[in-house]
Amino acid sequence: MAKKCTIDANGVYYRQLNEQIREAVREGATEIELENIRGQRYIGNSVEAPVHFTIHGVPGQDLAMFMRGATVRVEGNAQDGVGNTMDDGEIQINGMAGDVLGYAMRGGRILVRQDVGYRVGIHMKSYMDKQPVIVAGGKAGDFLGEYMAGGAIILLGMDSTMDEKAPITGRSLGTGMHGGIIYIRGDVPEYQLGPGLQLETITEEDAAFIRSHVEDWAEAFGKDADEVMQGEFKKVTPFSHRPYGNMYVGTN
């Protein structure tokens, strides 16, 4: 049976709040509801237990950093660094997210209802049998998937607060990719792509992979997965596992 715990974070400094959270986890709480969150940092960091967090408000930077196995639901927007180096679990953001979302994440999944910021998914990597995934329902800033080494990013371009005429991604999409894959629902002007990259047609296998995650994204945020899948998806994959190898001098 789930053991529930509610913590009112109104006026609580982030260090004291995180100590309360750790204490609740030590005492066996499996469902933790955080109320009146106003920018407190590091919530859920390094939590390994299968705890479900529900956050009301806007959490601060590095939400769920190094997280392993917990589930975090944010009923609102999130700041920078969500899922920094996370290893497992799931994060759902029922709003927008800031920069460097999923930095170097090597497992788990992040679902965002709307837009994401700059340098999302940079240095993502696969680790053993883990394949990290980011699904964002809106648009993204510059350097999406920069230096990706593994995992997948799915960008839908639907639920966005940005100008309707703005490209679905910013500049330098996939710069330095040497692994992983980026799926884009829609088109991207060629000048937005990183050096040497191009958009390609998806395969049936790609479509099945996209649908498997889009269905969960749609369920999380009350959307229609079939409507999402009616759009045209394209993919960006790395052209080399060492895209800048020719810039380095070899040694004998």
Notebook entry, point to check: On a 0 to 90 degree scale, rounded to 10, what angle separates helix 14-26 from the longest Cα axis of the chain?
Noted result: 80 degrees
Check: So how much slack lies between Lys4 and Lys165, counting 0.36 nm per residue of separation and subtracting their Cα-Cα distance, in nm?
Finding: 53.5 nm
Notebook entry, point to check: Using a basic spin-label model with each label point 7 Å from the Cα along Cα→Cβ, how many nm lie between Lys130 and Asp187?
Noted result: 3.9 nm
Check: For the chain, max minus min Cα coordinate along each principal axis, in Å, sorted largest first?
Finding: 53, 52, 31
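So for each of 157-164, 55-62 I average, over its residues, the number of other beta carbons within 10 Å; can you give me the resulting order with the highest mean first?
55-62, 157-164
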Notebook entry, point to check: Per residue, how many Å² of accessible area does the chain show with a 1.4 Å probe?
Noted result: 48 Å²
Next item on the list: Using per-residue counts of other Cβ atoms within 10 Å, averaged over each peptide, order 225-231, 122-128, 66-72 from highest down.
Entry: 66-72, 122-128, 225-231
Next item on the list: Give Lys4/Lys125; Lys130/Lys235; Lys4/Lys130 a once-over and call out the pairs whose C-alpha atoms are over 28 Å from each other.
Entry: Lys4/Lys125; Lys4/Lys130
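Pull up the DSSP beta bridges for the chain and report the antiparallel fraction as a percent, rounded to 5. Can you show the working numbers first?
On the way: 7 of 45 bridges.
Percent antiparallel among DSSP bridges in the chain is about 15.
Percent of accessible area on segment 98-207 owned by carbon and sulfur, 1.4 Å probe? Before the final figure, lay out the partial values.
Numbers: 2110 of 4470 Å².
Exposed carbon and sulfur together represent 47 percent of the surface.
Counting only protein heavy atoms, what percent of the accessible surface of segment 1-53 is carbon or sulfur at a 1.4 Å probe?
Details: 1490 of 3240 Å².
C and S atoms contribute 46 percent here.
The values are calculated or read from the model by the stated rules, or taken from the named source; none is laboratory data. The model shown is predicted, which means the values in this text are computed figures rather than measured ones. Note that we place each Cβ from the backbone using ideal geometry, even for glycine, and neighbour counts take in every protein chain shown. Surface accessibility is based on the protein's heavy atoms, side chains included, excluding ligands, DNA and RNA. Shrake-Rupley method; radii C 1.70, N 1.55, O 1.52, S 1.80 Å.
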